[in-house]
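The structure under discussion appears below in the form of structure tokens.
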Amino acid sequence: MPNPTRLAVSAALLAAALGASACTPTRSHQGYVVDKELVDAIQPGIDNRQSVLQTLGQPTLTSQFNKGEWYYVSRDSSNFGFQDPKARTQMTLRVRFDDAGNVLGVDRMDEKLIANVSPYGKTTPTLGRERGFFEDLFGNIGTVGAAGMGGGQGGGGGGQ
């Protein structure tokens, strides 16, 4: 017959172990896996787009405004339970190219450039009229067949 005290102590230890494991942070890595030797191998004036592509692989993103920049982004983050992840470290590697495709420079940036963007509510504000439920529901009444709205007179198939 099992000892009730021993069962209570075992259950308490099991509960404590499960409770302590819930406080363990979840760590994750996102983006580019940085290899310092490969990054240091990129030399301005010597390398070009093709050699950077072969050495570092596809960039995380490319510049939309200045076509001569590639970005490699790496981030390590952690969180407890269901909290939002917090960035522990972040490294952004920017490779700048000239018009001929030769490397102009390699810049390393850290987590000081992280910006926190909070969305505004659940909807995006837009310019224009506010429409209510009933206007959405009944707004098209009378527009079918109106001039300039398609459908209606003239055109169309069918014999006359």
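The values are calculated or read from the model by the stated rules, or taken from the named source; none is laboratory data. Worth saying up front: this structure is predicted, and the values here are computed from it rather than measured. Reconstructed Cβ throughout: ideal geometry from the backbone, glycine too, with neighbour counts over all protein chains shown. The area values use the complete protein model at the heavy-atom level, side chains included, leaving out ligands, DNA and RNA. Shrake-Rupley method; radii C 1.70, N 1.55, O 1.52, S 1.80 Å.
For the reader, a short list of remarks on this structure follows.
- Taken over the stretch 106-136, the criterion of being open to solvent by less than 50 Å² (accessible area, probe 1.4 Å) and of a type in the set (D, E, K, R) is satisfied by 107 alone.
- Assessment of the stretch 54-69 against the conditions (open to solvent by less than 30 Å² (accessible area, probe 1.4 Å), over 19 Å from residue 115 (Cβ atoms) and in contact (Cβ under 8 Å) with a residue 40 or more places away in the chain) yields no matching residue.
- The listed residues are 73, 95, 103, and the only one of them that is of a type in the set (Val, Ile, Thr), under 14 Å from the mean Cα position of the chain (by Cα) and buried (at least 16 other Cβ atoms within 10 Å of the Cβ) turns out to be 73.
- Taking every residue in the stretch 16-31 that is at pLDDT 70 or above and pairing it with any residue that is open to solvent by 60 Å² or more (accessible area, probe 1.4 Å) and assigned to a strand (DSSP E or B), at least 6 positions away or on another chain, the pairs with Cβ-Cβ distances below 9 Å are 27/88; 28/75; 29/75; 30/75; 31/75.
- Conditions (1) assigned to a loop (DSSP other than H, G, I, E, B); (2) touching a strand residue (DSSP E or B) at 6+ places or on another chain (Cβ under 9 Å): number failed by residue 118: (2)
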